[in-house]
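A short write-up of the structure that comes next.
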Amino acid sequence: MRDLLTKRLSGYVPRLLTLDYPEAAVLVPVTDNHENPEIIFTLRSANLNTHRGQVSFPGGRRDPEDHSLGETALRETHEEIGLPPEQVQLIAPLSQVMSLHQILVTPYVGVIPGDHPLTANPAEIESIFRVPVEFFLEDNRERTDPLNFLNNTFYVPCYRWERYQIWGLSAVVLVDFLNAVYDAGIDLLEPPRGD
């Protein structure tokens, strides 16, 4: 899996937003099963101040002690789901995104062992779940949400997996990953046919 991701992302140029906002980083954890890779998501606790009860990738705000945003993603992932940094092979960053709370988020793709035990930090995470990449490549979206950002409208898919809804910022990051690695061709600038 690492070789595939490294090859596909080696020529990828992430979009950087030249905005002066607080920074955060998230990890897009992909399991190392080449035949059936899965992406790990979290459901944030209902007790949090921001994004409560929403599906997200593990991650959070950059601390002053973090030497890089990659380090932020690894540290936060360890805190939230108990995955030690040495178990993650960071591959490359994806395009930056802006949260509704004006946080500049840099996602990093990382390969993780599919069998490493994950433990939710109950102060931040209600549950951890995984979804096969293949599910998203079929683009069986539940709906499409029009989101406005910097005078543009983006048509962001919302996917349902079991009881979880993957939408908003997490879906934007997910689509960027699918398009960069798998040539999924999911266009956020045009509404899908039939909508």
**OP:** State whether the residues of segment 170-188 include one that is closer than 25 Å to Leu16 by Cβ, in contact with a helix residue (DSSP H, G or I) (Cβ under 6 Å, 6 or more places away or on another chain) and among the β-branched types (Val, Ile, Thr).
**Re:** yes
Original post:
In segment 1-46, what count of residues is obtained for those that are farther than 20 Å from Glu126 by Cα, of a type in the set (A, V, I, L, M, F, W, C), assigned to a loop (DSSP other than H, G, I, E, B) and open to solvent by less than 80 Å² (accessible area, probe 1.4 Å)?
Top reply: 3
Original post:
Which ones in segment 75-114 are open to solvent by less than 20 Å² (accessible area, probe 1.4 Å) and of a type in the set (Ser, Thr, Tyr)?
Top reply: Thr77, Ser95, Ser99, Thr106
Original post:
Does Glu134 satisfy the criteria of being closer than 24 Å to Pro14 by Cα, modelled with pLDDT of 95 or more and over 15 Å from the mean Cα position of the chain (by Cα)?
Top reply: yes
Subject >> Selection from segment 64-77 of residues that are charged (D, E, K, R) and either in a strand (DSSP E or B) or under 13 Å from Val26 (Cα atoms) (or both) >> reply: Glu71, Arg75, Glu76
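The values are calculated or read from the model by the stated rules, or taken from the named source; none is laboratory data. If you're wondering where the values come from, they're calculated on a predicted model, not measured in any experiment. Quick reminder, even Gly has a Cβ in these numbers, built from the backbone with ideal geometry, and neighbours come from all protein chains shown. Ligands, DNA and RNA are excluded from the accessible area calculation, which covers all protein heavy atoms including side chains. Shrake-Rupley method; radii C 1.70, N 1.55, O 1.52, S 1.80 Å.
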